[in-house]
1. For the stretch 18-47, which positions are closer than 14 Å to L68 by Cβ, surrounded by fewer than 16 Cβ atoms within 10 Å (Cβ to Cβ) and either over 10 Å from the mean Cα position of the chain (by Cα) or aliphatic (A, V, I, L, M) (or both)?
2. Only one of (1) over 10 Å from the mean Cα position of the chain (by Cα); (2) modelled with pLDDT of 95 or more is not met by L84, so which one is it?
3. In the stretch 43-94, what residues are touching a strand residue (DSSP E or B) at 6+ places or on another chain (Cβ under 9 Å), more than 17 Å from L6 (Cα to Cα) and of a type in the set (G, A, S)?
4. Tell me the strands (runs of 3 or more DSSP E) entirely within the stretch 1-61 that contain at least 1 residues that are of a type in the set (K, R) and either within 18 Å of P85 (Cα to Cα) or without any contact (Cβ under 8 Å) to a residue 40 or more places away in the chain (or both).
5. Within the stretch 1-10, which residues are surrounded by 15 or more Cβ atoms within 10 Å (Cβ to Cβ) and touching a strand residue (DSSP E or B) at 6+ places or on another chain (Cβ under 7 Å)?
6. Exactly one of (1) small (G, A, S); (2) surrounded by 11 or more Cβ atoms within 10 Å (Cβ to Cβ); (3) over 13 Å from the mean Cα position of the chain (by Cα) is unmet by S53. Its number?
7. Please enumerate the residues belonging to the stretch 65-83 that are touching a helix residue (DSSP H, G or I) at 6+ places or on another chain (Cβ under 8 Å), of a type outside the set (D, E, K, R) and not in a helix (DSSP H, G or I).
Amino acid sequence: MQVHALVNPGRKRESLGWDGEKLVVVVKAPPVQGAANERLIEMVAEWLGLAKSRVTVVKGWTSRHKTLEIKAETAVVLAAIELLPSVPRQDRLF
């Protein structure tokens, strides 16, 4: 299953949220040498209870706007999304 994500790197706190269209992920890691991407993958895998190898960035490696491929059943991912806190809609489109 593919999921769009907006990543905010280099912050003081980390969080996962859903704005109705995409994951909004805040990470402490800086956007240097893939550190923020690696932390994104770790956070999403941890949230879904998956191995890190089952979550990959398929588009947007150098952008804040990313497309993730999550190798899990769609129903499991959708159920987990329903439990995420809502965040204000991000106006930037993919």
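The values are calculated or read from the model by the stated rules, or taken from the named source; none is laboratory data. The structure presented is a predicted model; accordingly, all values stated were derived computationally and were not measured. We place every Cβ from the backbone using ideal geometry, glycine too, and count neighbours over all the protein chains shown.
1. Going residue by residue through the stretch 18-47, those that are closer than 14 Å to L68 by Cβ are 18, 21-25, 27, 36-47.
Subset that is surrounded by fewer than 16 Cβ atoms within 10 Å (Cβ to Cβ): 21, 38, 42, 46.
Scanning the stretch 18-47 gives E21, E38, E46.
2. (2)
3. Selection gives A72 alone.
4. Values: elements: 2-8, 15-18, 23-26, 55-59.
By residue number, 55-59.
5. Taking the stretch 1-10 first, the residues surrounded by 15 or more Cβ atoms within 10 Å (Cβ to Cβ) are 3-9.
Of everything in the stretch 1-10, those that are surrounded by 15 or more Cβ atoms within 10 Å (Cβ to Cβ) and touching a strand residue (DSSP E or B) at 6+ places or on another chain (Cβ under 7 Å) turn out to be V3, H4, A5, L6, V7, N8.
6. Of (1) small (G, A, S); (2) surrounded by 11 or more Cβ atoms within 10 Å (Cβ to Cβ); (3) over 13 Å from the mean Cα position of the chain (by Cα), only one is false for S53: (2).
7. Pass one, the stretch 65-83, residues touching a helix residue (DSSP H, G or I) at 6+ places or on another chain (Cβ under 8 Å): 66, 68, 70-72, 76-77, 80.
Checking which are of a type outside the set (D, E, K, R) leaves us with 68, 70, 72, 76-77, 80.
Matches in the stretch 65-83: L68, I70, A72.
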